[in-house]
Each structure stands twice: as structure tokens, then as C-alpha cells.
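Read-outs: derived from the displayed coordinates by stated rules, not from any lab. It should be emphasised that the depicted structure is a prediction, and the values quoted were computed from it without experimental measurement. Cβ coordinates were reconstructed from backbone atoms using ideal geometry, including for glycine residues, and neighbour counts include every protein chain displayed.
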Amino acid sequence: MPHDPGLPDPENPADGAALLERAFIEGFRAAGDRASFLRLAGVPLEAAIDGVPGFKLMEVRIIDSIAVGAANPGFGTAGLVYHPYPAALMRQATTLTFVYRTAREVRELGWPDLATVTSQ
């Protein structure tokens, strides 16, 4: 069956990662037991990042944003020129961030970054 160009292609590694990330977000939002969901998804609660041990998962941040317009510097003015988008051009984006911390450092990792994290 030919691939619909409007949908992610599961054969493309980048699209496959995007599908996994979207599935994680949907599942995590719906999970009754989020700690178990993290374990099932293989997200380490305690980790070494870039060879530095002792990081603890503090937060799973899921943020929805909708772009509703654009602003650019005006010519000859100190203000901005604002261009609200028509409904058809408004775009929604969801970002997923895993916040890990040690006593000295905070690291914010995206879904692809988890592949570089070593569970402790």
C-alpha cells in the first residue's frame, strides 16, 4: 500500500521516532499509574547522562502550544508589525521534555536524547 504523504512514514527513522514520541505522550497523559508507565516505556528514573552519574528524573514536561500569529520589527519604528494567522495557518505543537537533576546540575532531555542515557 502506498504511503500517505500527509502521515509520518514508519519506515523513516525520524518519522518512526516521532510516532513513538507521540504514542508516549498520549499514553502518559492517559495512564492511571504514570510511574509504572515510565518503567514500561524504559524511561530511567535514575541515570547517568554523558557519563555523569546521579541524575534523578524530576519532571516529565508535556507542553502544548499553538502559533496564532507572527511579529516582525517594523521599518522605521521601534514597534512590531503583528500578523495574526487565519485559522487554517495556525499550527499546534507538543513538546516532551524529561527533566533530570543532580545536586549540582539540571539537564532537560528530549525523546531522542533518552537513547544516550544509561539507567542506574
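Ranking Leu89, Val106, Ala70 by Cα position along the charge dipole of the chain, where only Lys, Arg, Asp and Glu carry charges on their C-beta atoms, puts Val106 farthest toward the positive end. Here Gln120 and Ala67 are evaluated by their C-beta separation; at R0 = 30 Å the FRET efficiency comes out at 0.20.
So what is the 222 nm mean residue ellipticity for the chain from helices alone, if each DSSP H run of at least 4 adds -39500 (n - 2.57) and you divide by all residues, rounding to the nearest 500 deg cm²/dmol? Could you put the intermediate results ahead of the total?
On the way: 2 runs with 26 residues, N = 120.
It comes out at -7000 deg cm²/dmol, rounded to the nearest 500.
Gyration tensor analysis over the Cα atoms of the chain returns equivalent ellipsoid semi-axes of 33, 23, 14 Å (largest first, whole Å).
Its Cα centre serving as origin, the chain has a Cβ charge dipole (Lys and Arg +1, Asp and Glu -1) of approximately 460 debye.
Within a Cβ distance under 15 Å of Leu45, other residues only, what is the Lys/Arg minus Asp/Glu net charge?
Working: positive: Arg34, Arg39, Lys56, Arg101, Arg107; negative: Asp33, Glu46, Glu59.
Every neighbour counted, the sum reads +2.
Rounded to the nearest whole angstrom, the semi-axes of the ellipsoid equivalent to the range 27-87, taken from the Cα gyration tensor as √(5λ), stand at 42, 19, 7, largest first.
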